[in-house]
Amino acid sequence: MMFSQGRYKATVTHQKLGESRNGTPQFVLSFRPIGKYDLERPGEELLPCEDWERSAFFYFSSRAVDISLEQLHEIGFRGTSFFELDPETPGFCDFGGLTIDVICEHEAYQGETKERWRLARTGGGGLEVKKLDDRQTRKLDALFGRKLKELAEKSSVHDSMQQVPTEPEPGQPKASEPVAHASEAEIEAAEQDQVPF
């Protein structure tokens with residue numbers, strides 16, 4: 001039996017540091033899915049699913065180590081040695097009982113369709129976004145900073161014209177009209193006693 005493809009919430013059951021069939025060092029994180037996310041109704045309750053145990057594999061080859069370590073860091077690994085992933089090491093980083101988001105994908109392997117499980121990346125539903133460096137961010141400010149300032153100014157003018165939703169002081173009438181702050185021209189005219197009535 002197979003899980004359908006998609007994103008699941010799962011609870012970690014156990015972990016193992018070892019090597020793959022071809023001798024590549026790997027970390028195996030086993031878990032039981034507790035529900036599937038409904039992409040058509042995000043934020044709703046999880047859809048029910050089987051509770052069969054599954055595993056995600058993290059390889060430590062020169063090509064895969066960076067991605068594997070980034071994913072382990074996202075779920076809380078802060079160790080400075082790979083021994084800290086091994087349950088046989090006293091004081092190891094125990095992921096048991098941790099709730100994680102995982103993704104099930106189907107792929108062809110030796111003529112059969114197999115499940116492939118991986119951790120869901122945080123903050124983007126599995127979408128990986130490369131961070132802008134400071135130079136690129138400064139360039140954006142130089143190109144489009146004026147637009148940000150214009151929007152901020154429009155927003156502050158709009159916010160200042162909103163009705164004040166507070167109870168009046170005792171003895172004061174309730175506000176029934178939006179409160180608008182005077183413009184600089186109106187203030188200047190008032191100071192010169194040239195307010196048009």
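Could you list all residues from the stretch 39-94 that are under 24 Å from the mean Cα position of the chain (by Cα), without any contact (Cβ under 8 Å) to a residue 24 or more places away in the chain and in a helix (DSSP H, G or I)?
Residues satisfying the conditions are VAL65, ASP66, ILE67, LEU69, GLU70, HIS73.
Can you tell me how many residues in the stretch 1-31 are among the hydrophobic types (A, V, I, L, M, F, W, C) and free of Cβ contacts under 8 Å to residues at least 60 places away in the same chain?
The initial filter retains those residues of the stretch 1-31 that are among the hydrophobic types (A, V, I, L, M, F, W, C), namely 1-3, 10, 12, 17, 27-29, 31.
So of that shortlist, the ones also free of Cβ contacts under 8 Å to residues at least 60 places away in the same chain come out as 1, 27-28.
Total satisfying the criteria: 3.
List every residue pair whose Cβ atoms sit under 6 Å apart, with the two residues 6 or more apart in sequence or on different chains, where the first one lies in the stretch 100-121 and is farther than 18 Å from HIS14 by Cα and the second, anywhere, is of a type in the set (S, T, N, Q) and in a strand (DSSP E or B).
HIS106/THR113
Out of everything in the stretch 1-38 that is among the charged types (D, E, K, R) and in a loop (DSSP other than H, G, I, E, B), what residue ends up being farthest from SER81 (Cα to Cα)?
First, pick out the residues of the stretch 1-38 that are among the charged types (D, E, K, R): 7, 9, 16, 19, 21, 32, 36, 38.
Those still in the list that are in a loop (DSSP other than H, G, I, E, B) too: 21, 38.
Details: ARG21: 23, ASP38: 38 Å.
If we take residues in the stretch 1-38 being among the charged types (D, E, K, R) and in a loop (DSSP other than H, G, I, E, B), then ASP38 is farthest from SER81 (Cα to Cα).
Can you find even one residue in the stretch 28-44 that is among the β-branched types (Val, Ile, Thr) and modelled with pLDDT of 95 or more? Break it down into steps so the answer makes sense when it comes.
First, the residues of the stretch 28-44 that are among the β-branched types (Val, Ile, Thr): 28, 34.
With modelled with pLDDT of 95 or more added as a condition, the list becomes 28, 34.
Yes, that holds for at least one residue.
Looking at the stretch 1-38, which of the residues that are surrounded by 15 or more Cβ atoms within 10 Å (Cβ to Cβ) and among the charged types (D, E, K, R) is farthest from the chain's Cα centre (by Cα)?
Applying the filter and picking the extreme gives ARG32.
Within the stretch 23-49, count every residue that is in contact with a strand residue (DSSP E or B) (Cβ under 7 Å, 6 or more places away or on another chain) and within 19 Å of THR11 (Cα to Cα).
Selection size over the stretch 23-49: 16.
What number of residues within the stretch 97-124 satisfy the criterion of being on the phi > 0 side of the Ramachandran plot and either at pLDDT 95 or above or in contact with an Asp or Glu (Cβ under 8 Å, 6 or more places away or on another chain) (or both)? Give the derivation first.
Restricting attention to the stretch 97-124, the residues satisfying the condition of being on the phi > 0 side of the Ramachandran plot are 97, 110-111, 123.
Checking which are either at pLDDT 95 or above or in contact with an Asp or Glu (Cβ under 8 Å, 6 or more places away or on another chain) (or both) leaves us with 97.
Selection size over the stretch 97-124: 1.
The values are calculated or read from the model by the stated rules, or taken from the named source; none is laboratory data. Bear in mind the structure is a predicted one, so any value in this text is a computation, not a measurement. Cβ coordinates were reconstructed from backbone atoms using ideal geometry, including for glycine residues, and neighbour counts include every protein chain displayed.
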